[in-house]
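The values are calculated or read from the model by the stated rules, or taken from the named source; none is laboratory data. These figures come from a predicted structure and were not determined experimentally. Note: ideal-geometry Cβ built from the backbone for every residue, glycine included; neighbour counts use all protein chains shown.
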Amino acid sequence: MKRFAMGQKYTSAIHEVGSVTERPFIEIRNLSKSYRRDSFEIPVLRNISFVVAEGDFVAFMGPSGSGKTTLLNLIAGLDKPTEGRILIAGTDITELNETELAVWRSRSVGFIFQFYNLIPVLTAVENVELPLMLTPLAKKERRAHAETALRIVGLGDRTQHYPRQLSGGQEQRVAIARAIATDPAILVADEPTGDLDKASAEEVLELMDRLNRELRKTILMVTHDPRAAEKARSVRNLEKGELI
């Protein structure tokens, strides 16, 4: 939380123009993942290797069942590979135990999903505060960070609105504010525009592009939408569990 605790630096960062650095930030080495169903082993990913530079915006595309979401979950520390290594900022997360992985995940990764997963009985600012409850920040600091995150996504005037009082695009922006509230180094987005109309989807994609360019967030996005993929700096295609 040291980076986010510096509130002035975080807030002013939206005025800076970032760029992709050349050094690898994420290194995927010979990654494979299989699931066991009774006596059968079902391979999902097969011997995948690639690197992602810090500040990159990568879209993963491919048909359903190609392993896109599984790959995203592995990089985000939500699952563990059958084989291979995942190094992020020099940390091999495949060697972390469950407790260490949970701590790393809460500090390093922000999650954006197709369905917003907002708590209906909480206001926008209270929803954004949720991940900050796991930090040592005092209540006043948590509220200030949550309000800053909502301003960044253009919802500074909607802090006291409940999800039912917001449009789908606004709900997704609240979810994005929640994802950036802890100032994570990585944002993982699984079909972030899949439940939105065209206009709302474009607003969300423009916001993600801005987070990448101005806040220098490294973004990994799974999408079926070519328009969404166009916002990424690079596109990687998966088919039958292999990178092509």
From the list Leu220, Leu150, pick out the single residue that is modelled with pLDDT of 90 or more, within 30 Å of Lys33 (Cα to Cα), touching a helix residue (DSSP H, G or I) at 6+ places or on another chain (Cβ under 7 Å) and among the hydrophobic types (A, V, I, L, M, F, W, C). Leu220
Search result, residues across the range 37-66 that are over 24 Å from Ala89 (Cβ atoms), surrounded by 13 or more Cβ atoms within 10 Å (Cβ to Cβ) and of a type in the set (A, V, I, L, M, F, W, C): Val44, Met61
Would you check which residues across the range 131-149 are buried (at least 16 other Cβ atoms within 10 Å of the Cβ), part of a helix (DSSP H, G or I), under 21 Å from the mean Cα position of the chain (by Cα) and not acidic (Asp, Glu) and list them? Pro131, Leu132, Arg142, His145, Ala146, Thr148, Ala149
Single match in Gly154, Gly169 (criterion: of a type outside the set (Ser, Thr, Tyr) and assigned to a loop (DSSP other than H, G, I, E, B)): Gly154
Which one is nearest to Val44 (Cα to Cα), of the residues in the range 191-242 that are in a strand (DSSP E or B) and touching a Lys or Arg at 6+ places or on another chain (Cβ under 6 Å)? Glu242
Please work out if Gln165 is out of contact with any Ser or Thr (no Cβ under 7 Å at 6 or more places or on another chain), among the polar types (S, T, N, Q), over 14 Å from Ile112 (Cα atoms) and free of Cβ contacts under 8 Å to residues at least 60 places away in the same chain. yes
When you look at Arg173, is it buried (at least 18 other Cβ atoms within 10 Å of the Cβ) and either touching a Gly at 6+ places or on another chain (Cβ under 9 Å) or on the phi > 0 side of the Ramachandran plot (or both), yes or no? yes
Go through the residues of the range 202-217 one by one and say whether even a single one is buried (at least 20 other Cβ atoms within 10 Å of the Cβ), farther than 25 Å from Phe50 by Cβ and touching a strand residue (DSSP E or B) at 6+ places or on another chain (Cβ under 8 Å). no
